[in-house]
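Remarks on the structure that follows.
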Amino acid sequence: MKKTNCIGVCMDHSEANLMEFTTEPIITNTYYSKFNHLEKEDSLKKSENLMHNKEKREMSQYYTHLRKVLEPYTEILLFGQSNAKVELFHILKADNHYSAINITVAHTDKMTENQQHAFVREHFSRR
């Protein structure tokens with residue numbers, strides 16, 4: 001696979017689909033948050049405070065992992081239908097390493113994997 005410096009990330013609070021922009025077919029790598037619906041229900045049964053603390057800790061780990069994966073790229077496209085993309089954008093912009101990196105945030109409707117690939121290809125082909 002030909003390496004580039006552009007990546008698209010279709011994400012929500014439970015998973016992120018990372019798609020590196022290449023001239024070859026795009027391959028999707030998926031990363032999952034450990035805090036899912038079952039974890040939320042289990043924590044909520046014990047205590048609402050415990051649930052919020054666990055959610056905050058798990059989401060922090062999720063965003064930290066994504067931040068490390070995105071380090072080598074010079075252009076990042078964050079898109080999806082939830083606010084997770086905006087939360088990650090603010091985390092990246094707070095990190096000085098990302099100050100020179102071009103990060104675009106786009107709100108989209110729910111997409112299939114092929115639609116996500118087409119969206120990434122179209123976005124980076126326009127530049």
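The values are calculated or read from the model by the stated rules, or taken from the named source; none is laboratory data. Predicted model, so just to flag it, every value in this text is computed and none were measured. For neighbour counting, all protein chains shown are included, and Cβ atoms are generated from backbone atoms with ideal geometry for every residue, glycine included.
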Only one of 99, 82 is without any contact (Cβ under 8 Å) to a residue 24 or more places away in the chain and among the hydroxyl-bearing types (Ser, Thr, Tyr); which? 99
I need the full set of residues from region 92-118 which are outside any loop (DSSP other than H, G, I, E, B) and closer than 13 Å to residue 76 by Cα, in order please. 92, 93, 98, 102, 103, 104, 105, 106
Six or more apart or on different chains, Cβ atoms under 9 Å: show the pairs whose first residue is in region 103-119 and within 12 Å of residue 81 (Cβ to Cβ) and without any contact (Cβ under 8 Å) to a residue 40 or more places away in the chain and whose second is of a type outside the set (D, E, K, R) and assigned to a strand (DSSP E or B). 106/77; 106/78; 106/79; 106/80; 107/79; 107/80; 110/80
Do we find a residue being modelled with pLDDT under 90 and surrounded by 15 or more Cβ atoms within 10 Å (Cβ to Cβ) anywhere in region 65-73? no
